[in-house]
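Working notes for the structure below.
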Amino acid sequence: MFRINENYLKLPGSYLFSTVGKKARAFMEANPDKKVIRLGIGDVTLPLSKSVITALHSAVDEMGDAKTFKGYAPDLGYEFLRSAIRQEYASRGADIAIDEIFISDGAKSDCGNIGDIFADDVKIAVCDPVYPVYVDTNAMSGRTGDYDQASGRWSRVIYMPCVAENNFSPSLPSEVPDVIYLCFPNNPTGSAITKDELQKWVDYANEKKALIIYDAAYEAYISEENVPHSIYECDGAYTCAIEMRSFSKNAGFTGTRLGFTVIPKALKAGDVALNSLWARRHGTKFNGAPYIIQKAGEAVYSAEGKKEVKEMVGFYMNNARIIREGLVSAGYTVSGGVNAPYIWLKTPGNMSSWEFFDYLLEKANVIGTPGSGFGPSGEGYFRLTAFGTLENTVEAIERIKKM
Ligand code: MLT
């Protein structure tokens, strides 16, 4: 008889951003006259840049000509893109070989799929709050124990609180995890980690033989000097860390889909190289990101492409400044928005995160994301994204100030 993966039944409700979307739709249906502004999900609003569009057009033309047509892409990625990525790492002093880079359809898939190569019973540690994909996907694989609705905690997850009291920076856990998920600049708090702090994590992971999954999706937003763009800027990271990157937030590929994972060959569990395991997994379950999209990704690393990324990031960071300064002047306690496109605020008057979501939607017709959706320590906080249009961002803040 057919049976299901019962781990799915333990998952609470729906995926965070599906719940937010559902609530927003219900409000808009009930209030068709209201102009609702979305500063919830971190989805970009600027169009793809000129060099990306040019690369896409020319790749489409190649696909329409028998002489240049491409079928299946190499399952681990085209060499032209992996080589551009390798050079980008080299420019930051990291020595990453082409066969240590795996191209994919985005960092979200990689974050979720990487668990395929872990043992069933590894114990994970996560920053709390954090991007929900790490915990949810491990829950789907049955690694997280049981979910307690009241506390919002899984029994087999090591939570590392990131709250105002510790400046949103996790401490080394007292219980030793097998896998440590770190996301910096952080989604959702917008906090960053200094190179010295990250070095402590790398040393800890090497000492305890733990694996770090380093999600660097927001590295393009780093504005401060002492903040590392890659974990491989730290000594010893090649033997303990996997890094994931995305083209979504720097180059606006949220709808175009492209990302990559770096697994150094020196990274081993016993004498098994994780690089070979992931190559086996990737080659079996993935047929490669489309040629035209990988050509677009290559354009992001051209001199012109890099300039365009800087402009896009600058545009969103101006939004971040408007949100941050506006909220501060309205009396909110705010963090983030300096090395990341997310602003993290304390909800006023001890409102819960979801109460504030309803309040903001009702009073200002602005959608944000409840902090508790990112983990139990996110309760009482709220996230606004800087990825909106300038006009909407300014208007949303004006409305919030008047609330
Ligand atoms: C977010 O809003 O946290 C992100 O956009 C979600 C994602 O990148 O998948």
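Laboratory data are not the source of any read-out in this text; all were calculated from the coordinates shown. Model, not experiment: these values are computed from the prediction. Cβ atoms come from the backbone with ideal geometry, glycine included; neighbour counts cover every protein chain shown.
Sort Glu62, Glu219 by Cβ crowding within 10 Å, fewest neighbours at the top.
Glu62, Glu219
Using the Cα centre of the chain as origin and beta-carbon charges of +1 (Lys, Arg) and -1 (Asp, Glu), tell me which of His229, Ser372, Gly40 is placed farthest towards the positive end of the dipole.
Selected residue: Gly40.
Provide, in order from the shortest bin, the percent of all Cα-Cα pairs of the stretch 183-340 in each 5 Å bin, continuing until the bin that contains the maximum pair distance.
2, 8, 14, 17, 17, 16, 13, 7, 3, 1, 0, 0
Looking at the chain, what % of its DSSP beta bridges pair antiparallel, to the nearest 5?
55 percent
Using a simple charge model, +1 on the beta-carbon of Lys and Arg, -1 on the beta-carbon of Asp and Glu, nothing else, what dipole does the stretch 52-302 show about its Cα centre, in debye to the nearest 20?
Around 520 debye, computed over the stretch 52-302.
What are the principal axis extents of the Cα atoms in the stretch 105-147, in Å, biggest first?
Taking max minus min along each principal axis of the Cα atoms, the stretch 105-147 gives 30, 25, 14 Å.
For the stretch 236-247, in order, what is each residue's ³J(HN,Hα) by Karplus, 6.51 cos²θ - 1.76 cosθ + 1.60 with θ = phi - 60°, in whole Hz (x at glycine and Pro)?
Result, ordered by residue: x, 5, 5, 9, 9, 10, 10, 10, 10, 9, 9, 9 Hz.
Quick one: net charge around Val176, please, counting Lys, Arg +1 and Asp, Glu -1 for every other residue with C-beta under 13 Å from its C-beta.
0
Within the stretch 52-302, how many Lys pairs that are eight or more residues apart, or on different chains, come under 16 Å at the alpha-carbon?
For the stretch 52-302, the number of qualifying lysine pairs is 10.
Please arrange Cys183, Cys111 by how many other C-beta atoms lie within 10 Å of their C-beta, fewest to most.
Cys111, Cys183
Step by step: find N for the stretch 55-105, compute 2.2 N^0.38 Å, then divide the Cα radius of gyration by it. What's the final number?
Rg over 2.2 N^0.38 Å, computed on Cα atoms: 1.38.
Could you pull the Cα extents of the stretch 52-302 along its three principal axes, largest to smallest, in whole Å?
Result for the stretch 52-302: principal-axis Cα extents of 59, 39, 38 Å.
Provide the net charge surrounding Ala210, with neighbours chosen by a C-beta distance below 12 Å and charges set as Lys +1, Arg +1, Asp -1, Glu -1.
-1
Under 20 Å Cα to Cα from Lys23, which lysines show up? Leave out anything in the same chain fewer than 8 places away.
Lys34, Lys35, Lys363
Out of Ala125, Ala55, Gly190, whose Cα points farthest toward the positive end of the dipole of the stretch 52-302 (charges: +1 Lys, Arg; -1 Asp, Glu; placed on Cβ)?
Checked the options; the winner is Ala55.
Pull out a ≥ b ≥ c, the square roots of the eigenvalues of the alpha-carbon gyration tensor of the stretch 1-159, then state rounded if a/c is under 1.5, prolate if not and a/b is larger than b/c, and oblate in the remaining case.
Taking the square roots of the gyration eigenvalues as a ≥ b ≥ c, the stretch 1-159 is oblate.
Please arrange Met244, Met28 by how many other C-beta atoms lie within 10 Å of their C-beta, fewest to most.
Listed from fewest to most nearby Cβ atoms, that is Met28, Met244.
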